[in-house]
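The values are calculated or read from the model by the stated rules, or taken from the named source; none is laboratory data. Just so we're clear, the structure is a prediction, and the values are computed from it rather than from any experiment. Side chains are part of the model used for accessible areas, which takes the heavy atoms of the whole protein and leaves out ligands, DNA and RNA. Shrake-Rupley method; radii C 1.70, N 1.55, O 1.52, S 1.80 Å.
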Amino acid sequence: YHTALWSATSDRLYISVYQRLNEVSMAPKSENWEICSEIITEVADYKNTTAQNEVYLSAEILGKNLSIRNAQTGDYFYPLGMLGKKKMSDYFKDQKLSSEAKKSQLLLCVENEVAWVVNRRIDKRFAVKEGDKSMLRVRLIQTL
């Protein structure tokens, strides 16, 4: 609920009411991120990497269009370690994300298919497979 001076939002069990002084969006805009990628041929122990905003994907995606965006209605992916496909809305609900977190969650897409829910889970279709000789390291860098 919004008026000229007040705004109220509900999120699961909480209701937040605050005075609106300025329109400020807390959600990170997808335009403020740059994708940097490089081919890695030393397939050592990449699974132990815990770097933020960094993921290793199959080199099979080379030459395909990579993009960053927020979730859209109808988005789905095939979460690594789970069976079948999952709608993004269901995944967010399972993860108990707040409505603000859902709005601001970034997705790395390959040809408009979700490849990575940034810093959360990879789509198994784009994951590095056993026996791969090379992989693609993708880093997201926030621009100002």
Handout entry: For segment 56-63, 3J(HN,Hα) per residue [Karplus equation, 6.51 cos²θ - 1.76 cosθ + 1.60, θ = phi - 60°, Hz, x = Gly/Pro]
Key = 10, 10, 4, 5, 4, 8, 4, x
Completion exercise
Carbon plus sulfur, as percent of the 1.4 Å-probe accessible area of segment 39-144, comes to 47 percent
Completion exercise
Row for segment 68-144, column shape: gyration tensor on C-alpha, a ≥ b ≥ c, rounded if a/c < 1.5 i.e. under 1.5, prolate if a/b over b/c, else oblate; value oblate
Practice task
Could you bin all the Cα-Cα distances of segment 50-97 into 10 Å bins starting at 0 and give me the percent of pairs in each, rounded to whole numbers?
Solution key: 19, 43, 36, 2
